[in-house]
Amino acid sequence: MVEICPVCHLPKTICTCGLRTKESQQIKIRTERKKFKKYATLISGFSDLSEQQEVLKYLKKKLACGGTIKDNVIELQGEQKERIKKLLIEKGYLEELIDA
């Protein structure tokens, strides 16, 4: 049985909902200084929790660092703004909509 997209009601194989959401999101990347002079990179602007979890898992694997989601913001260990921007572009997000 073919899976159906709950948004556009098309089969998942031809659904473009994921591409449309990636093209319309304004993503903000910033760094913040934490305890003991450690840095964290914060990423905000994703539409839903499942997408945040997918991006978090992808970035943690590629950057070999720890991370979590707090208050709808992805928080990764270390100061990695430029690396994260490149990885998000590789994943399909538009460069013009990523504010680093």
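The values are calculated or read from the model by the stated rules, or taken from the named source; none is laboratory data. In this text, all values refer to a predicted model and were calculated from it rather than measured experimentally. Quick reminder, even Gly has a Cβ in these numbers, built from the backbone with ideal geometry, and neighbours come from all protein chains shown.
Those residues that are under 19 Å from ILE98 (Cα atoms) and in a loop (DSSP other than H, G, I, E, B), I need them from the range 25-77; list them, please. Across the range 25-77, the qualifying residues are GLN25, GLN26, GLY45, PHE46, SER47, ASP48, ASN72. For the range 78-100, name all the residues that are of a type in the set (A, V, I, L, M, F, W, C) and part of a helix (DSSP H, G or I). Correct list: ILE84, LEU87, LEU88, ILE89, LEU97.
Summed over the range 61-81, the residues that are of a type in the set (A, V, I, L, M), under 18 Å from ILE27 (Cα atoms) and over 12 Å from the mean Cα position of the chain (by Cα) give a count of 0. Here LEU49 does not qualify as surrounded by 12 or more Cβ atoms within 10 Å (Cβ to Cβ) and either of a type in the set (Gly, Ala, Ser) or modelled with pLDDT under 95 (or both).
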